[in-house]
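Below is one structure, written out as structure tokens; the observations come after it.
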Amino acid sequence: MSRPATPSSHQEAIFRFVEQGSGHGVIMATAGSGKSTTLVEVAHRLPEGTRACFLAFNTSAAQQLKDRLPAHVTA
């Protein structure tokens with residue numbers, strides 16, 4: 001899967017929170033709404049050296065996520 005060319009207004013709000021906000025953030029959305037795609041884009045926007053945790057519900061999903069994350073992010 002590729003990164004979104006034009007983020008939605010909801011995705012932009014998440015990106016702003018990650019870049020400028022503080023504390024914890026929660027994304028609540030239905031299946032297939034783009035949560036994983038949004039979080040992969042967040043990972044691409046994190047400065048190298050930033051610590052983050054990416055979790056998946058099963059091994060297959062974890063491998064797919066790992067394959068989409070940038071090289072400086074460990075999954």
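One table, with the values for the structure above:
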item	result
For the chain, projected area of the alpha-carbon convex hull averaged over all directions, nm²	5.3
Spin-label proximity, CYS53 to the range 7-28 - amide N less than 17 Å from point 7 Å beyond Cα toward beta carbon	23-27
Theoretical ellipticity at 222 nm over the chain - DSSP helices of four or more residues, -39500 (n - 2.57) apiece, nearest 500	-13500 deg cm²/dmol
Trypsin sites (Lys or Arg not before Pro) restricted to DSSP loop in the chain with at most 12 other C-beta within 10 Å	ARG51
Solvent-accessible area per residue, Å², over the chain with all protein chains present [probe radius 1.4 Å]	78
Rounded percent of accessible protein surface that carbon and sulfur make up, the range 1-72, 1.4 Å probe	54
Distance (nanometres) between label positions extended 7 Å along Cα→Cβ at ILE27 and PHE15	1.2
DSSP H segments from the chain that extend 18 Å or more along their own axis, Cα-based, with Kyte-Doolittle mean of 0.5 or above	none
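The values are calculated or read from the model by the stated rules, or taken from the named source; none is laboratory data. Every value quoted in this text rests on a predicted model; they were computed, and no experiment measured them. In this analysis, Cβ positions are derived from the backbone assuming ideal geometry, glycine residues included, and neighbour counts consider all displayed protein chains. These area figures cover heavy atoms from the full protein model, side chains too; ligands, DNA and RNA do not enter into them. Shrake-Rupley method; radii C 1.70, N 1.55, O 1.52, S 1.80 Å.
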